[in-house]
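All remarks here apply to the structure that follows.
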Amino acid sequence: MYHTYLTIFVPALIALIVSLIGTRFFVFYMKDAGIVGIDRNKKGLPVVASSGGVAVAIGFAVGVLAYSFGGSFPNPQTPIYAPIASLPLLFASVIAVLMISFVGFLDDINVKRSPVQSTDMKDIRKGLRQWQKPLLSLMGAIPLMAVNAGVSFIHLPFVGTVNFGIFYPLVIIPLAVIFASNAFNLVESGNGMAAGGGLITSLAMFIYSVYFGTYIGALLSIVLFASILGFFVYNKYPARILSGDSFTYAVGTGLVSAMILGNMESFGIIIFLPWIIEFLLHARRKFKVTTLGKRRSDGSFAAPYGRKIYSWTHVIMNLGRFNEWQISALMWTMEFGFVLLAFGLKALNLL
């Protein structure tokens with residue numbers, strides 16, 4: 001058991017170090033390269049380095065590959081340890097995260113000299129067109145489809161076990177990747193908001209995997225958690241670097257990869273409910289929505305559409321006068337509540 005834990009935590013430690021160093025590098029590099037964003041929640045609207053998700057994607061890739069390294073060297077006949085997880089499946093998850101992070105990076109680098117219209121506000125980052133994002137997100141599903149990842153039998157909450165057969169790799173996986181990457185991208189309106197949610201979700205998946213015996217799920221979840229943690233150090237309030245779509249796309253795909261390869265889709269559906277609900281709220285206004293509030297003189301934020309709700313952040317802003325970090329903390333608390341709900345349903349054998 002001790003040996004098995006080492007094969008999980010050593011790659012995670014490597015991922016943390018790579019992500020931490022990489023994020024620190026990109027804090028300066030992205031700003032010098034002009035890949036920046038306006039931190040609209042701050043007084044004076046400071047310009048901050050963006051696209052920090054590149055460091056997270058690299059950290060995740062290096063962490064997973066470190067696991068492969070230990071199972072292959074000094075030579076295949078006498079490796080440091082015998083790999084438990086399937087290397088082709090792990091490589092598929094790495095390629096998926098890197099490919100979709102590149103799509104997010106394309107969105108991040110389209111920065112204009114002067115503000116242009118974006119949703120209900122003007123911003124210097126124009127990004128990809130709305131229809132291009134889900135289409136290009138399909139790239140992240142191709143590696144998982146190619147290796148026929150996961151199991152076609154899924155236990156759906158309150159429904160039971162359903163066999164999707166060939167539709168699982170050809171339909172369910174691409175839809176899951178496209179939805180998760182784009183939905184996770186919707187809730188990022190405060191420093192550390194998306195990163196904190198990713199930390200809670202990936203840690204919950206790791207705990208679930210350890211208790212219910214899915215080793216590959218545990219490995220991917222803890223490496224993803226470590227990669228996000230290295231970035232969170234610089235993204236928490238007050239952020240020195242913004243996440244960008246390269247982060248939200250990569251983390252969304254990393255979470256889906258862990259869910260699929262770890263055979264925890266039913267658990268994943270419950271803990272992903274906040275983003276599913278966010279997607280439905282945005283859809284009410286055809287996704288032309290801003291989750292940012294109107295900053296008051298005391299640093300708190302008013303809901304941008306008054307009592308009309310198109311995001312979880314609008315709900316929070318209507319509940320009281322909260323500043324930026326408080327709104328982020330309340331979003332994390334809400335996600336933690338859904339994690340508890342998921343574990344509760346599992347305890348009752350409903351998952």
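Only a single criterion out of (1) among the small types (G, A, S); (2) surrounded by 15 or more Cβ atoms within 10 Å (Cβ to Cβ); (3) at pLDDT below 90 is not satisfied by G252, namely (3).
Scanning the range 287-333 for residues that are modelled with pLDDT under 90, among the polar types (S, T, N, Q), surrounded by 15 or more Cβ atoms within 10 Å (Cβ to Cβ) and over 25 Å from A204 (Cβ atoms) yields one hit, T290. State whether one or more residues within the range 330-349 are assigned to a loop (DSSP other than H, G, I, E, B) and among the basic types (K, R). Looking for residues that are assigned to a loop (DSSP other than H, G, I, E, B) and among the basic types (K, R), one finds none in the range 330-349, hence no. Please indicate, with yes or no, whether at least one residue in the range 21-39 is more than 16 Å from the chain's Cα centre (by Cα), part of a loop (DSSP other than H, G, I, E, B), surrounded by fewer than 22 Cβ atoms within 10 Å (Cβ to Cβ) and touching a residue at least 12 places away in the same chain (Cβ under 8 Å). Checking the range 21-39: at least one residue is more than 16 Å from the chain's Cα centre (by Cα), part of a loop (DSSP other than H, G, I, E, B), surrounded by fewer than 22 Cβ atoms within 10 Å (Cβ to Cβ) and touching a residue at least 12 places away in the same chain (Cβ under 8 Å). Taken over the range 257-283, the residue count meeting the criterion of being part of a helix (DSSP H, G or I) and within 20 Å of T161 (Cβ to Cβ) is 10. Restricting the first member to the range 295-310 and to residues that are in contact (Cβ under 8 Å) with a residue 24 or more places away in the chain, and the second to residues that are outside any loop (DSSP other than H, G, I, E, B) and hydrophobic (A, V, I, L, M, F, W, C), the beta-carbon pairs closer than 7 Å and six or more apart or on different chains are R295/F301; R296/A302; F301/M317; F301/I327; I309/L281; I309/V315; Y310/L281. Screening V171 with (1) more than 16 Å from the chain's Cα centre (by Cα); (2) surrounded by 15 or more Cβ atoms within 10 Å (Cβ to Cβ); (3) at pLDDT 85 or above; (4) within 27 Å of A342 (Cα to Cα) gives one miss only, at (2).
Can we say S246 is within 25 Å of V54 (Cα to Cα), small (G, A, S), in a helix (DSSP H, G or I) and touching a residue at least 12 places away in the same chain (Cβ under 8 Å)? The answer is yes for S246.
The values are calculated or read from the model by the stated rules, or taken from the named source; none is laboratory data. Small disclaimer: the values here were computed from a predicted structure and weren't measured. Cβ: placed from backbone, ideal geometry, glycine included. Neighbour counts: every protein chain shown.
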